[in-house]
1. Picking from 61, 67, which residue would you name as being touching a helix residue (DSSP H, G or I) at 6+ places or on another chain (Cβ under 8 Å) and within 30 Å of residue 94 (Cβ to Cβ)?
2. What number of residues in segment 70-83 are exposed (fewer than 11 other Cβ atoms within 10 Å of the Cβ) and under 14 Å from residue 60 (Cβ atoms)?
3. Which pairs turn up if I take residues in segment 14-38 that are on the phi < 0 side of the Ramachandran plot and assigned to a helix (DSSP H, G or I) and look for partners that are surrounded by 10 or more Cβ atoms within 10 Å (Cβ to Cβ) and modelled with pLDDT under 95 with beta carbon separation below 9 Å, at least 6 apart in sequence or on another chain?
């Protein structure tokens, strides 16, 4: 069988097909990478929120302990909380009146 040189139209079609296949592979890999990035960012945000929540718990415990040991400071703290906390469920949790005086 003799070798036949491809005409430019055949070569062009082959190159276009190759380009389309590479583009599809690239798009697949890019999509996968973008999904991995989003998942990693979401995980990082969840971890940061866990740390922030833990910090709030620790700070709250220290502040409450200090309020118990220092009654005057504790009264000031409860005055601040009474003014600052407005949501009924949060007020109930803290044992503050419902504000319906």
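1. On the way: 61 fails: touching a helix residue (DSSP H, G or I) at 6+ places or on another chain (Cβ under 8 Å).
Residue meeting the stated conditions: 67.
2. Here is the first cut: in segment 70-83, the residues exposed (fewer than 11 other Cβ atoms within 10 Å of the Cβ) are 71-72, 79-80, 83.
Then drop every residue that is not under 14 Å from residue 60 (Cβ atoms), which leaves 80.
So the count comes out to 1.
3. 14/6
The values are calculated or read from the model by the stated rules, or taken from the named source; none is laboratory data. Keep in mind it's a predicted model, so treat the numbers as computed, not measured. Because the Cβ atoms are built from the backbone with ideal geometry, glycine has one as well, and the counts that use them run over all protein chains shown.
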